[in-house]
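Below: the structure, in structure tokens.
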Amino acid sequence: MPKYIPEPFRIKVVETIKKTDRAEREEILKQAGYNIFNIPSEKVYIDLLTDSGTGAMSDNQWAGIQTGDESYAHCRNWYHFEQAVQSMTGLKYIIPTHQGRVAENILFSTILKKGMFVPNNNHFDTTRANILANGGIPLDLVIDEGKDPQKYHPFKGNMDIGKLESVLNEHGPKNVPVVFITITNNSGGGQPVSMENIRQVRDVCDRFGVPLFFDACRFAENAYFIKQREVGYSSKSIPEIVHEMFSYVDGCTMSAKKDAIVNIGGFMAFNNPNLLDPFREKLIQIEGFPSYGGLAGRDLEAVARGLIEAQDEDYLAYRVGQVKYLGDLLEKGGVPILKPTGGHAVYINALKFSPHISRDQFPGQSLVVNLYLESGIRAVEVGSLMFAQKDSTTGKIRYPNLDLVRLALPRRVYTGGHLEYVAESVIRLYKNRESLRGMRILDHHDSPLRHFFARLSFL
Ligand code: F0G
């Protein structure tokens, strides 16, 4: 039996969730155009759509909310927030934003010029979209092992150093305003990046004179993997590891909705004083005054406290342990998953789950819809519906390497019992996989955001 690491907390407040029956779900799906983004959350029993903004805040964070100082400028919570980010990262200048993608917008609209390249291990879709919107070209340079769903590698999020050097040699550092590393690598399965790899990327950036930034959403989970898997780190504390990770970068963007365990919030942090004025001016245009950046004082306090809680080793052992537990249960039931499990989600390989459904019939989306229909669980497709795109020159559809279904675990929300229910449901579906049918899009929009809006039907 896979091992479950017990919760290092007890439950003080509960939120009722209700099971619907299958007939009701059938009707809901019809109404929703078989798109799970359209399902009212009250009609979902277990919601694994995302780990973003869905975490449970602690009593300590809720107590902090009560201390919110809602003055317009330089409220007391801003100082707590600034201090928490500075002491954690060692970075000097802090810009609060209401979520991660605004930090990306501010960064790329300031530093990017048309035709410039931005390498990353794998860009998350909002990062990619913000680069494209500013005329830039996003490059994914994850190591080959990171693209193979079966292959074990302790740090599948690592960047391919040789490829990074080639990009910088080919295009020249003037055309690469920043190199990014996403920790953990969400688009690659929540896989961690090793300290050694971060150091190597830093060396390359130094040689070419290019700044290095983290997309730091899941920095604490990444640090936990370093402690577990990398030689020389087992006796270091998580805050020490976090501090060392950030010591190699010139800045970061961060969605606090992940590892700061808040429902809303984000920031950017950096050392270059020349960026401060343009970033602040843009912030004032689109978010708010630099000491609140689109957040209430109380939100800043919750982030400040959450950043510290997320670095608690008992919490991280339970957190990463939950993901592994769900992965182990599914594997035991024969379900093809991406291995090893990452920090925040289990990814099912839909091409192996339903090999009888072709790519153009959305095998991942079919799995997602059937999982909701049979069990009231909401997962999300990360495959052909989300990523397939028409090549503008050939007119042919280009498919992503994999069709995945992500079961993302909100932080501190679901118990081992919930995870067992999820595993049983997925395994039951797997046993009946031949009955799964392909799908088609009814209202076809050729947009990279179509997965949010598309209406579909079964074939
Ligand atoms: N970077 C990464 C790696 C992310 O996973 C996300 C969000 C963002 C940036 C953007 O942050 O949502 O606060 O604007 N990921 C969510 C997800 C939406 O479901 O994985 P945001």
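In table form, for the structure just shown:
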{"read-out": "Inter-residue pairs, beta-carbon under 6 Å, first touching a residue at least 24 places away in the same chain (Cβ under 8 Å) and of a type in the set (A, V, I, L, M) and in the range 205-227, second within 16 Å of the ligand (Cβ to nearest atom) and outside any loop (DSSP other than H, G, I, E, B), 6+ apart", "value": "VAL210/VAL179; LEU212/VAL179; ALA216/CYS252; ALA216/MET254"}
{"read-out": "Subset tally (residues that are among the polar types (S, T, N, Q), out of contact with any helix residue (DSSP H, G or I) (no Cβ under 7 Å at 6 or more places or on another chain) and outside any helix (DSSP H, G or I)) for the range 150-173", "value": "1"}
{"read-out": "Some residue of the range 324-338 being under 19 Å from the mean Cα position of the chain (by Cα), within 15 Å of GLN228 (Cβ to Cβ) and not in a helix (DSSP H, G or I)", "value": "no"}
{"read-out": "Residue that is among the basic types (Lys, Arg) and closer than 20 Å to ARG378 by Cα, where the choices are LYS282, LYS339, LYS324", "value": "LYS324"}
{"read-out": "Residue selected from the range 401-440 under the condition surrounded by fewer than 19 Cβ atoms within 10 Å (Cβ to Cβ) and outside any helix (DSSP H, G or I), by the criterion nearest to the ligand (Cβ to nearest atom)", "value": "VAL413"}
{"read-out": "Residue count for the range 274-311, restricted to those that are of a type in the set (S, T, N, Q) and either crowded, with 24+ Cβ neighbours inside 10 Å or free of Cβ contacts under 8 Å to residues at least 12 places away in the same chain (or both)", "value": "2"}
{"read-out": "Among residues of the range 1-26, those that are at pLDDT below 95 and under 15 Å from ASP59 (Cβ atoms), counted", "value": "0"}
{"read-out": "Odd one out for LYS396 among (1) within 16 Å of the ligand (Cβ to nearest atom); (2) free of Cβ contacts under 8 Å to residues at least 40 places away in the same chain", "value": "(1)"}
{"read-out": "Of all residues making up the range 48-87, the number that are of a type in the set (D, E, K, R) and in a loop (DSSP other than H, G, I, E, B)", "value": "3"}
{"read-out": "Selection status of ARG101, within 22 Å of ILE181 (Cβ to Cβ), at pLDDT 95 or above and out of contact with any strand residue (DSSP E or B) (no Cβ under 6 Å at 6 or more places or on another chain)", "value": "yes"}
{"read-out": "Only listed residue being under 26 Å from ARG319 (Cβ atoms) and crowded, with 18+ Cβ neighbours inside 10 Å, chosen from ILE46, ILE5", "value": "ILE46"}
{"read-out": "For THR54: the one exception among (1) within 16 Å of the ligand (Cβ to nearest atom); (2) over 23 Å from the mean Cα position of the chain (by Cα)", "value": "(2)"}
{"read-out": "Members of the range 8-33 that are among the small types (Gly, Ala, Ser) and exposed (fewer than 10 other Cβ atoms within 10 Å of the Cβ)", "value": "ALA23"}
{"read-out": "Failed condition for LEU164, given (1) crowded, with 16+ Cβ neighbours inside 10 Å; (2) in contact (Cβ under 8 Å) with a residue 24 or more places away in the chain; (3) within 16 Å of the ligand (Cβ to nearest atom)", "value": "(3)"}
{"read-out": "Complete set of residues in the range 120-135 that are crowded, with 19+ Cβ neighbours inside 10 Å, touching a Pro at 6+ places or on another chain (Cβ under 8 Å) and of a type outside the set (Val, Ile, Thr)", "value": "ASN120, HIS123, ARG128"}
{"read-out": "Flag for ASN105 being closer than 30 Å to TRP78 by Cβ, within 15 Å of the ligand (Cβ to nearest atom) and surrounded by fewer than 23 Cβ atoms within 10 Å (Cβ to Cβ)", "value": "yes"}
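The values are calculated or read from the model by the stated rules, or taken from the named source; none is laboratory data. Note that this is a predicted model, so its numbers are computed, not measured. Methodologically, a virtual Cβ is constructed for each residue, glycine included, from the backbone with ideal geometry; neighbour enumeration extends over all protein chains shown.
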